[in-house]
């Protein structure tokens, strides 16, 4: 066998092993403030030390449960003191205060807002979550009063975890769908 072919085979086997090392991990313990949102699908790089992956999953679940419940204690437990939002929307405060204000703003429109973790992937110091938000527009949004419209939109977040807390976040929400469902943007 040529050295070039052998090298290609080694790379292919390494790539296959890397994919095979992703494992589905069982549920983690609930936080003191109640049950945490469970990922429907959880893939974890099994080469990570157990304590590290458990801490990363716990931080992500706390933060995602904050989005599902509005419980500020969960956001404060999940986010590092120097938390940085790397995709900060205009007008939102940097740091922990930004997500706290955003949650209150959205909950004023959709008081029964809930988040589900459809997928969570843990690799290195990153956790990627694909979330689905749902509820009913029964509150107010920029002067528009809700009439019970169904709300159902997605978001994807990438968290960098340091010392068991989210230090940085990159996120993308389907705001167009959200605004169309509220009736403030035409479909």
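A short reminder: the numbers here are calculations on the coordinates, not readings from a lab. Just so it is clear, the model here is predicted, and its values are computed rather than measured. Don't worry about glycine lacking a Cβ; one is built from the backbone with ideal geometry, like all the others, and counts go over all protein chains shown.
General remarks:
- Gyration tensor (alpha-carbon) shape descriptor, segment 41-182, a/c threshold 1.5: prolate
- Sorting 76, 53 by the number of Cβ atoms found within 10 Å of their own Cβ, with the fewest placed first, yields 76, 53.
- Rel. contact order, % - alpha carbon contacts under 8 angstrom, at least six apart, segment 137-187: 32
- Neighbour-count order for 184, 106, 122, fewest beta carbons within 10 angstrom listed first: 184, 106, 122
- By the count of other C-beta atoms within 10 Å, a proxy for reagent exposure, 163, 64 are ordered fewest to most as 163, 64.
- In this label model, residue 107 and residue 176 are separated by 3.0 nm, measuring between points 7 Å along each Cα→Cβ vector.
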